[in-house]
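The values are calculated or read from the model by the stated rules, or taken from the named source; none is laboratory data. In this text the structure is predicted, and so the values were computed from the model without any measurement. Quick reminder, even Gly has a Cβ in these numbers, built from the backbone with ideal geometry, and neighbours come from all protein chains shown.
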Amino acid sequence: MTTPLTSRRPRIEDYALIGDMQTAALVGLDGSIDWLCLPRFDSAAAFASLLGTDEHGFWRIAPAAPTGAPAARAARRRYRGETLIVESEWDTASGTVRLMDFMPPREGHAPQVIRIVEGVTGTVEMTSTLSPRFGYGQRLPWIFDESGRTAAVSGPDALWLDAPAPGADKDGAVQHRFTLTAGARVAFALSWQPSHAPAPEVPDADAALAHTSAFWQEWVGQLVYDGPYREAVVRSLITLKALTHATTGAIVAAPTTSLPEELGGVRNWDYRYVWLRDAAVTLSALLRTGYRDEAVAWRRWLLRTLGGDPHNLQIMYRLDGRRDIPERELPWLPGYASSSPVRVGNGAVDQLQLDVPGEVIETLALAHEYGVARCESTESLILKLVDYVRINWRQPDDGIWEVRGGRRHFTHSKIMCWVAVDRAVHLTDQGVLDADLHELVRLREEIHAEVCERAYDPVRNTFTQSYGSTELDAALLLLPHTGFLPADDPRVVGTVDAVRRELAPDGVLVHRYPTAGRDVGMDGLPGGEGAFLLCSFWLVDALALTGRLTEAEQLFEKLLTLRSDTGLLAEEYDPHTKGQVGNFPQAFSMLGLVNSAARLQELRKAASRPVVAA
């Protein structure tokens, strides 16, 4: 490859998300698409410069820059209303231009990225450089012209570029240079197709723009949330919908792999898969805000995936329910900010995480509560998952954070085993499940008694990370939500205060567990990580549920300031660099925002109701 290397490295939050609910792309402030997997979230990337350099694939449209100079950053950027269409504007010495980026929802057509450039004022020289590198930046394509269309082909993959005029092929990149005047409009459309298939139809860019805008506006129209943080909630929900695979109902944790949890560190993981936990909690956020269709689709995916064998439960699966997710490293990619290794696949697939049945059953129970029709197969699945808990709950496990430092009796895992049984008790009591109620109650009490005896530190008045441990865990902030103990129980309040004191030194940003200053942490890895944003939203919820509503609202508003200019959140936030870290955008963080906003609205309404005398 002869494409010159660049040191261009935007911040993670400098990217905006576009997607078609089957895959997604990240667009930088400099007009460059630096990440895109085709045709699915978990396919190999055709643009991978996010994890390397321009050598590994990108597509940039921006005002022309002097030779050797980096592309200018947009002066303004926003989503177009309540949609997933990104608008970026550049002000130059000669005029202003606007770029609209989007991916139309697939309805019988190939995956497409459409980029429409408009002249706003004056006259501006523009460039488009399309440099695909299939196989995560490893394969240089064969580029040729066919009937006025540009094709880039490598192995099983083909990209077709439709532009106003043929581009020039230089060093494996297709280049266009054009001039925009006020009111002028130029459209570029990129379509993926298997290389053996006929060329896809030429997209109608304007029709696709209108259809994409209408789709998102109609979807947002189903929202039932009417609280004070509507803009943040809507953007989060659109992002969660974008991470939901339209044809299978699966929900990915994030559209990226190996964005580091610490710049230059080794905690770089592939999140382009379906964690049962993440998907279940995402569904809870969608259900609470009016989106039942997604719950039905996910339930179907869950039933297909687990089949009749939930005792052989995995914590994660591929989009189509496949179980094989082998982890490997890509040594030709240096990693974002030289954070290596870059990994695809995820070795945590083989872990035992006993909290997962609890999250799944809780979401299925919530779906029932929100009017999703009863299903005999779902009821059978719940009973089988409860049986799984009955057989396994006494075992040590790998915990919610997928630590690689050995199994323990994690407190959160045990509490979620209790949640699994508790929700089954309620469903049985309601007549939804046909189960032995006496036996379920006995099992629930047995788990409860052991956790209170072995996981609680009476000297410090807090539950601890695991049996016999002195350390704390941010997952303990979920105690008030679970109902394991009343929210005003001194042990619950003491745990919330202890976690905040020890894992959130600034009172705002919560770390999952102690890592700083250790050669190897309890997760079996060296180095540290940022504060986990979901945990900070858990702190919001915990404060609100333990009677500190005003304090919770103030914390929530501080967390909103950490969002990117387009309202997105990565997995973590680094308080030292003042930037986002980890895979981006992260479903966990976005759903945490939605759930906290909904909870604050609910509790504020309850607090404002007049007290009626008995």
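Of all residues in segment 254-270, which are part of a loop (DSSP other than H, G, I, E, B) and polar (S, T, N, Q)? The answer is 256, 258, 268. Could you list, in sequence order, all residues of segment 20-36 that are closer than 20 Å to residue 110 by Cα and either modelled with pLDDT under 95 or surrounded by fewer than 24 Cβ atoms within 10 Å (Cβ to Cβ) (or both)? Listed by number, the residues that qualify are 20, 21, 22. When the criteria are applied in full, residue 528 fails the requirement of being small (Gly, Ala, Ser) and at pLDDT 95 or above. Are any residues in segment 568-594 at positive phi and more than 13 Å from the chain's Cα centre (by Cα), and if so, which ones? The one that is at positive phi and more than 13 Å from the chain's Cα centre (by Cα): 578. Go through (1) in a helix (DSSP H, G or I); (2) buried (at least 23 other Cβ atoms within 10 Å of the Cβ) and name the single condition residue 284 misses. Unmet condition: (2). For segment 59-102, the set of residues classified as crowded, with 20+ Cβ neighbours inside 10 Å, over 15 Å from residue 27 (Cα atoms) and hydrophobic (A, V, I, L, M, F, W, C) consists of 97 only.
Residue-level check: of (1) modelled with pLDDT under 95; (2) hydroxyl-bearing (Ser, Thr, Tyr); (3) touching a Phe, Trp or Tyr at 6+ places or on another chain (Cβ under 9 Å), residue 212 misses just (1). Regarding residue 422, is this residue surrounded by fewer than 17 Cβ atoms within 10 Å (Cβ to Cβ) and more than 20 Å from residue 350 (Cα to Cα)? Taking the combined requirement at face value, the residue does not satisfy it.
Tell me, which residue of segment 579-610 that is modelled with pLDDT of 95 or more and in a loop (DSSP other than H, G, I, E, B) is surrounded by the most Cβ atoms within 10 Å (Cβ to Cβ)? The selected residue is 585.
Rundown of residues vs (1) touching a Lys or Arg at 6+ places or on another chain (Cβ under 7 Å); (2) touching a residue at least 24 places away in the same chain (Cβ under 8 Å); (3) part of a loop (DSSP other than H, G, I, E, B), yes/no style:
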| residue | (1), (2), (3) |
| --- | --- |
| 71 | yes, yes, yes |
| 78 | no, yes, no |
| 84 | no, yes, yes |
| 98 | no, no, no |
| 104 | no, yes, yes |
| 119 | no, yes, no |
| 127 | yes, yes, no |
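Close Cβ contacts (under 6 Å, 6 or more residues apart or on different chains) running from residues in segment 185-208 that are over 13 Å from residue 164 (Cβ atoms) and in contact (Cβ under 8 Å) with a residue 40 or more places away in the chain to residues that are loosely packed, with under 14 Cβ neighbours inside 10 Å and not hydroxyl-bearing (Ser, Thr, Tyr) comprise 195/156.
Being assigned to a helix (DSSP H, G or I), within 20 Å of residue 284 (Cβ to Cβ) and at pLDDT 95 or above is a condition met by at least one residue of segment 553-566. Within the set of pairs 6 or more residues apart or between chains, which connect a residue that is within 21 Å of residue 482 (Cα to Cα) inside segment 541-558 to a residue that is part of a helix (DSSP H, G or I) and among the hydroxyl-bearing types (Ser, Thr, Tyr) with Cβ atoms less than 6 Å apart? Pairs found: 541/596; 556/596.
Among the residues of segment 226-252, those identified as among the aliphatic types (A, V, I, L, M), assigned to a loop (DSSP other than H, G, I, E, B), within 13 Å of the chain's Cα centre (by Cα) and closer than 18 Å to residue 84 by Cα are 243, 252.
Identify, please: which residue in segment 470-481 is in contact with a helix residue (DSSP H, G or I) (Cβ under 9 Å, 6 or more places away or on another chain) and surrounded by fewer than 18 Cβ atoms within 10 Å (Cβ to Cβ) and is, among those, nearest to residue 406 (Cα to Cα)? Only one residue fits best here, namely 471.
Restricted to segment 143-190, the set of strands (runs of 3 or more DSSP E) holding at least 1 residues that are at pLDDT 95 or above comprises 149-154, 157-162, 173-181. If only one of 274, 349, 344, 266 is more than 29 Å from residue 225 (Cα to Cα) and at pLDDT 95 or above, which one is it? Sole residue among the options that is more than 29 Å from residue 225 (Cα to Cα) and at pLDDT 95 or above: 344. Each residue in segment 482-492 was checked for being surrounded by fewer than 22 Cβ atoms within 10 Å (Cβ to Cβ) and aliphatic (A, V, I, L, M), and 2 of them qualify.
Within segment 454-507, the set of residues being acidic (Asp, Glu), within 23 Å of residue 362 (Cα to Cα) and within 31 Å of the chain's Cα centre (by Cα) comprises 473 only. Checking each residue in segment 242-282 for being over 20 Å from residue 594 (Cα atoms) and of a type in the set (A, V, I, L, M) picks out 246, 259, 263, 266. Among the residues that make up segment 422-438, is at least one of them in the same structural domain as residue 276 (by TED's automatic domain parsing), touching a Cys at 6+ places or on another chain (Cβ under 8 Å) and outside any loop (DSSP other than H, G, I, E, B)? No - not one qualifying residue is present in segment 422-438.
For segment 406-424, check the following and say yes or no: at least one residue is closer than 15 Å to residue 465 by Cα and among the aliphatic types (A, V, I, L, M). So far as segment 406-424 goes, yes, one or more of its residues are closer than 15 Å to residue 465 by Cα and among the aliphatic types (A, V, I, L, M). Of the residues making up segment 215-228, at least one is farther than 16 Å from residue 103 by Cα and polar (S, T, N, Q). Consider residue 46 carefully, then state whether it is part of a strand (DSSP E or B) and either modelled with pLDDT of 95 or more or farther than 14 Å from residue 127 by Cβ (or both). Judged against the criteria, residue 46 is a match.
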